[in-house]
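Have a look at the structure below before the remarks.
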Amino acid sequence: MTQVVWTPGAAMAEQSALAKFSREAGFDPADYDSLHRWSISDPGAFWSRLWDFAGVIGEKGETAFVPDPAHWMTGALFFPDAKINLAENLLKRTGDAIVLVEGDEAGGRREMTADQLRAETARVANGLRAAGVEPGDRVAAVMPNRIECLVTLLATAAVGGVWTSCSPDFGGAAISDRIGQVRPKVLFVEPRVRYGGKAQDISERLTDVAGRMDGLSQVVVIGDGAVEAPAPVVSYAGFGEEGPLEFTRVGFNDPVYILYTSGTTGKPKAIVHRTGGVLLQHLKEHMLHGDVRPGDKLMWYSNSAWMMYHWMVSALACEATVVLYDGAPILKRADGFDCGPLWRMVEAEKLTHLGISPKYLATLAEKGFAPGKAADVTSLRWLLSAGSPVAPHQYDWMYEAIKPDLGFASISGGTEILGCFLIGSPLHPVRRGMLTTRALGLAVNVLDERGAPVVGRAGELVCTEPFPSMPLTFWGKDGDERYHQTYFGDRAEIWTHGDRATLNADGSAVIHGRSDFTLNPGGIRIGTADIYNVCERFSDIEDCITFGRPIDNDEEIVLCLKMGEGRQATSELATEIRAMLRKECSPRHVPAAIYAVTDIPYTINGKRVEGACKAMISGLEVKNKASLANPDSLNEYARLGEGAAL
């Protein structure tokens, strides 16, 4: 049995929206399994009740779900007659209550009331309409995580447009490979940005990007900077006229966002998301699973391009205050590292929810930083994590270094669904090293090599019933075909997500890593996360990456270590790693070769690129290096075989 490290108090569970929703739907809150079975067996009833419970603003229509027996998932439709507007639901609050706060690494702070945010959204929406933006037109932003960026999102949604974004730290080719695909009519840019204590002017890069884009009618510049473009360039401060806030309602299944895959195997896929699917999925995840209540304050450390940004801002629809942070989460000072920026935000803003990544937690632990001692974290009810699996030992660290009375949710889903398959819950205990439970409305299962559902054994993570936040399509030529091939190509009308996972008998789950990067020594499939979890326990190791190297019709495991400053990768360390992997995992997990490297390659979205390393060591080409944050780091992987392994 898995070890319970936290249990929600009786008052938290009883007062949660999830408990209330359960009771109103006719279920005992203690019987989550029955509630979940109902949510996937009668999707029309479940999502319709959620619409009413969450107070969605819009015209619901008579029909909640239309099945398609011939195309069970790809042909199903939710709320085919509904008319809604995402911004209308995110901006439901009025008055002088603070709904948006912005902080940055330099200690700056701004805030906006509900009425101020609505007025600013109205002005920019009027500017978009004057620029000719109509429902379905794309509007792009290359901006940091500041108030103006969120206003462009809200204004685009208000006019029925489709918002897409890239972070300013993306290179020119990476930006063009993404938003260049979708031909935005208006492009918002902020040329002068700051990160890690360094100010940057990316005007030249933005000029190059704008010059490559077809179909631009206007470029809007926030702040200072000299951006040139083939279309008129105007200042954000003078963009749009003051006026009433008007919302253009669109169909439930009309597009609202375009997000992009990592793009390490070719040009990034542009995933088109449905207006209603995004709203309902996020309301469910925030209100029911995330225990987000009116008046709560939520912040997720994210840039403006990651799906967690879109996820975070939807908390506005729960009448929570969204807190933005622009800058580095850990700052390098003359006297060492400052690990406190996010925790100072927790204390100053009295955050109730904070979202981070496992890598961030590992860095805090490695630096010996204890958030609970460095800041007042009394207000914090929930810590959330996404992006990669959280190691079991990190659960121990959280409850020691932050505080014991803290709900924790390691969540797993993806850009593809703009939501979560596995998620937290105010009704469930937190189990060491585990994701808490399957999300309501998603028929999550794990299938073995036979295609049979299994419990307690690793297999492919799938979803077998339709849900409203499935993508509308991929943007571009043959978009439907490419979308269907990507997620339904392996199993007809069953969503295959591409993760190796295990569902436990107690309802919790483990993610072992991506299926396409699964290690396969001797024909035994092994998740990369198992090896990362062990390596993170060695404080001398700053980072690592593992992948398979083809050898004699088989493959062997290669482990590469980036050591901490002043630390050495020794044969003794390699022996300790192998011994712990053999003890904690299995003899199959033991690497055949361990190398010391100077850097670990990541995508600009912060994902390790095991496939690129495997390609380099195998002498193969790595496509689309523009998607990598540090492409030059791959060069030494091509030469690994020339040196001696540990």
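The values are calculated or read from the model by the stated rules, or taken from the named source; none is laboratory data. In this text the structure is predicted, and so the values were computed from the model without any measurement. A quick note on method: Cβ atoms are made from the backbone with ideal geometry, for glycine too, and the neighbour counts reach across all protein chains shown. Remember, those area values only see protein heavy atoms, side chains included, never the ligands or the DNA or RNA. Shrake-Rupley method; radii C 1.70, N 1.55, O 1.52, S 1.80 Å.
Quick check on region 605-624. Is at least one of its residues out of contact with any strand residue (DSSP E or B) (no Cβ under 6 Å at 6 or more places or on another chain), in a helix (DSSP H, G or I) and open to solvent by 20 Å² or more (accessible area, probe 1.4 Å)?
Yes: region 605-624 contains one or more residues that are out of contact with any strand residue (DSSP E or B) (no Cβ under 6 Å at 6 or more places or on another chain), in a helix (DSSP H, G or I) and open to solvent by 20 Å² or more (accessible area, probe 1.4 Å).
Take region 1-23 and flag every residue that is open to solvent by 30 Å² or more (accessible area, probe 1.4 Å) and in contact with a Phe, Trp or Tyr (Cβ under 7 Å, 6 or more places away or on another chain).
Applying the first criterion (open to solvent by 30 Å² or more (accessible area, probe 1.4 Å)) to region 1-23 yields 1-5, 7, 9-12, 14-15, 20, 23.
Scanning region 1-23 gives a single hit, VAL5.
Select from region 84-96 the residues that are more than 30 Å from TYR195 (Cα to Cα) and either charged (D, E, K, R) or in a loop (DSSP other than H, G, I, E, B) (or both) and write down the one among them that is most open to solvent (accessible area, probe 1.4 Å). Break it down into steps so the answer makes sense when it comes.
Our first condition is that a residue be more than 30 Å from TYR195 (Cα to Cα); within region 84-96, this holds for 84-86, 88-89, 92-96.
After this cut, where a residue has to be either charged (D, E, K, R) or in a loop (DSSP other than H, G, I, E, B) (or both) as well, the list is 85, 88, 92-96.
Values: ASN85: 3, GLU88: 31, LYS92: 57, ARG93: 54, THR94: 94, GLY95: 25, ASP96: 133 Å².
Taking the candidates together, the pick is ASP96.
Can you name every residue in region 41-50 that is open to solvent by 10 Å² or more (accessible area, probe 1.4 Å) and within 15 Å of PHE78 (Cβ to Cβ)?
Going residue by residue through region 41-50, those that are open to solvent by 10 Å² or more (accessible area, probe 1.4 Å) are 41-45, 48-49.
Result: ASP42, PRO43, GLY44, ALA45, SER48, ARG49.
Each row is one residue, and each column tells you yes or no for (1) at negative phi; (2) open to solvent by 50 Å² or more (accessible area, probe 1.4 Å); (3) touching a Ser or Thr at 6+ places or on another chain (Cβ under 6 Å).
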residue	(1), (2), (3)
LEU440	yes, no, yes
ALA443	yes, no, yes
GLY451	no, no, no
ARG457	yes, yes, no
PRO466	yes, no, no
SER469	yes, no, no
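Yes/no per residue for (1) buried (at least 22 other Cβ atoms within 10 Å of the Cβ); (2) aliphatic (A, V, I, L, M); (3) in a loop (DSSP other than H, G, I, E, B):
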residue	(1), (2), (3)
ARG110	no, no, no
ASP115	no, no, no
GLU120	no, no, no
ARG123	no, no, no
ARG129	no, no, no
PRO135	no, no, yes
ALA157	yes, yes, no
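Across region 159-208, what is the total count of residues that are part of a strand (DSSP E or B) and crowded, with 21+ Cβ neighbours inside 10 Å? Please lay out each step first, then the result.
Step one: list which residues in region 159-208 are part of a strand (DSSP E or B), which gives 162-166, 186-189, 192-195, 198-201.
Adding the requirement that they be crowded, with 21+ Cβ neighbours inside 10 Å leaves 162-166, 186-189, 193.
Within region 159-208, residues that are part of a strand (DSSP E or B) and crowded, with 21+ Cβ neighbours inside 10 Å number 10.
Counting only residues that are open to solvent by 10 Å² or more (accessible area, probe 1.4 Å), under 26 Å from THR486 (Cβ atoms) and at pLDDT 95 or above, how many does region 269-301 have?
Residues meeting the conditions: 1.
Checking ASP81 against (1) open to solvent by 20 Å² or more (accessible area, probe 1.4 Å); (2) part of a helix (DSSP H, G or I); (3) over 23 Å from GLY424 (Cα atoms): exactly one of these is not met. Which one?
(2)
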